[in-house]
Amino acid sequence: MNEAVRLFEARIIESLRSNGHGELSVTHINLTRNLDEGGTRLTELARRASMTKQSMSELVEQVERTGLIEKRRDPTDGRAKLVCFTDKGFVWLEAFHRSLEVAESEMRAELGSAMVDLMVEVLAKYVEARGEE
């Protein structure tokens, strides 16, 4: 399964790059996939990604240098910061979603829609069952 995920994510990055969005690597996707459109605190990003706060902080700094994200003051707690997409980041996010659709479409062409639908259904059940622990 790990190899399948690696190939799928690599295809997304390849599609992004071919469409002029080579800012991020697969590693950075662990940040962006966990970032809410309205912003997310660093500690929550780390928790969602199953990473240490320090490791997530490094990712945030790397992606921040691309101009896709920025840290802003949390309006609900002036002491805290939110990691947020910038306008450039939202353009990237749209391209990411298109690249995700391309990768999924290719998978459906390769394996058949029924198989992909079944995989999605079974993996959702797995997540639901493991989430109860």
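Laboratory data are not the source of any read-out in this text; all were calculated from the coordinates shown. Values in this document were obtained by computation on a predicted structure and should not be read as measured data. For neighbour counting, all protein chains shown are included, and Cβ atoms are generated from backbone atoms with ideal geometry for every residue, glycine included.
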The range 38-95 - Rg and Dmax from Cα coordinates, angstrom = 11.3, 33
Please give the contour-minus-distance gain from TYR126 to GLU64: 0.36 nm per residue of separation, less the Cα-Cα distance, rounded to one decimal in nm.
-> 19.0 nm
Student exercise, the chain dipole from Lys, Arg, Asp, Glu Cβ charges, in Debye to nearest 20 | 540
Per GNM of the chain with C-alpha springs under 10 angstrom, the most fluctuating residue out of ARG48, ARG108, ARG79 is ARG79
Expected 222 nm ellipticity per residue - DSSP helices of 4 or more, -39500 (n - 2.57), all of the chain, to 500 = -22000 deg cm²/dmol
With the convex hull built on the Cα atoms of the chain, state its orientation-averaged projected area in nm².
-> 9.3
